[in-house]
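Contents: one structure, followed by commentary.
The values are calculated or read from the model by the stated rules, or taken from the named source; none is laboratory data. Just so we're clear, the structure is a prediction, and the values are computed from it rather than from any experiment. All Cβ positions, even for glycine, are placed from backbone atoms using ideal geometry, and neighbour counts span all protein chains on display.
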Amino acid sequence: MSRKKAVKGKGSSKSPKASPGSGRTGKGLAAAAAPSSGLVYPSRPSISNSGEFYDIAFKVMLVGDSGVGKTCLLVRFKDGAFLAGSFISTVGIDFRNKVMSIDAVKVKLQIWDTAGQERFRSVTHAYYRDANALLLLYDVTNKASFDNIRAWLTEIHEYAQQDVVVMLLGNKVDSTHDRMVKREEGEKLAKEFGVPFMETSAKSGLNVELAFTALQCCSPSRLRRSPEHWSNRLVEHLQHLRALVQQAGRTSPTSQSTGPTDW
Ligand SMILES: Nc1nc2c(ncn2[C@@H]2O[C@H](COP(=O)(O)OP(=O)(O)OP(=O)(O)O)[C@@H](O)[C@H]2O)c(=O)[nH]1
Ligand SMILES: [Mg+2]
């Protein structure tokens, strides 16, 4: 199996401004615009001469209302830290890379952190089509963010690829006293749309790593399409992860699933 090199993650603070009307752009968007959509295959050239080696690439987009914790979830996953204190709303779109080892395979996750604010919606629409997976977040302490999930799913169906992997996340479960959305409500909605579900906390780190890892095992058809990358051992490993997700979200894959994923 050949190895590629990953571009190092680009923090928003270092990104220079670029094209007008696209919110915070610069290096992040330049790389996002590179022709690297979908899975990267061994025959393709390396995209950078720096960074870690990887076998396959996977694009993940974080979406959901403003304030649900998308940026915090990404920072928790990437840096293992929680962004406490004042809330700085994302402008436009930003991205970070992280290379994960899954069994013997190195997977480069390119994670796009979108702005939840309505005024940036047209910017983020342009990025849906290249995403392999979407983490759709609501805030368990904010009922409106949960009620808006249906609208987000409509938008996803309109702009994303048909086989995009979608996972629903109820974030901020550490705020037990302020909870407004029951776990069962999240489960029910996820079941209705046939997507996997789990509750997370960017603050405590609950299920954060699992959510990002599990995304990659939610689409068996994706595995079937690139068998050269996925050894039998890896498939077994992903099945194990899948079981962990079911445990975490208590959402089981059923034959009645009709959502956008093969879940
Ligand atoms: N208690 C708690 N607070 C959180 C958690 N995740 C995020 N927050 C807080 O929620 C606020 C919003 O977090 P962000 O990650 O910036 O929200 P966002 O979804 O990126 O918002 P936009 O960029 O505007 O779309 C911040 O004040 C965070 O500290 C969590 O898991 N638990
Ligand atoms: Mg943000």
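Things worth noting here:
- All of (1) modelled with pLDDT of 90 or more; (2) more than 16 Å from ligand 2 (Cβ to nearest atom); (3) within 14 Å of the chain's Cα centre (by Cα) hold for Cys217 with one exception: (1).
- With respect to the conditions (1) farther than 23 Å from Thr213 by Cα; (2) of a type in the set (Lys, Arg); (3) in contact (Cβ under 8 Å) with a residue 40 or more places away in the chain, Arg96 falls short on a single one, namely (1).
- Of everything listed in (1) surrounded by fewer than 23 Cβ atoms within 10 Å (Cβ to Cβ); (2) modelled with pLDDT of 95 or more; (3) within 23 Å of Thr124 (Cα to Cα), the single unmet condition for Ser204 is (3).
- Residues of region 67-85 that are part of a loop (DSSP other than H, G, I, E, B) and in contact with a Phe, Trp or Tyr (Cβ under 9 Å, 6 or more places away or on another chain): Gly67, Val68.
- First in region 78-90 and more than 12 Å from Gly116 (Cβ to Cβ), second anywhere and within 14 Å of ligand 2 (Cβ to nearest atom), Cβ under 7 Å, 6 or more apart: Lys78/Arg96; Ala81/Val75; Phe82/Cys72; Phe82/Arg76; Phe82/Ala202; Leu83/Thr71; Leu83/Cys72; Leu83/Val75
- Of all residues in region 79-90 being buried (at least 16 other Cβ atoms within 10 Å of the Cβ) and within 13 Å of ligand 2 (Cβ to nearest atom), the one that is modelled with the lowest pLDDT: Leu83
- Pairs with Cβ under 6 Å, 6+ apart, first in region 169-191 and more than 15 Å from Ser201 (Cβ to Cβ), second at pLDDT 95 or above: Met180/Thr141; Met180/Lys143
- Which numbered condition Val105 misses (of (1) closer than 25 Å to Glu52 by Cβ; (2) within 13 Å of ligand 1 (Cβ to nearest atom)): (2)
- Meets criteria (within 16 Å of ligand 1 (Cβ to nearest atom) and either out of contact with any Lys or Arg (no Cβ under 9 Å at 6 or more places or on another chain) or modelled with pLDDT under 90 (or both)) for Leu210: yes
- Filtering Leu62, Leu74, Leu135 for residues that are free of Cβ contacts under 8 Å to residues at least 60 places away in the same chain, within 13 Å of the chain's Cα centre (by Cα) and within 16 Å of ligand 2 (Cβ to nearest atom) leaves a single hit, Leu74.
- Region 122-132: number of residues that are surrounded by fewer than 23 Cβ atoms within 10 Å (Cβ to Cβ), in contact (Cβ under 8 Å) with a residue 24 or more places away in the chain and not β-branched (Val, Ile, Thr): 5
- Within region 140-159, being more than 16 Å from the chain's Cα centre (by Cα) and within 16 Å of ligand 2 (Cβ to nearest atom) holds for Asn142, Ser145, Asn148.
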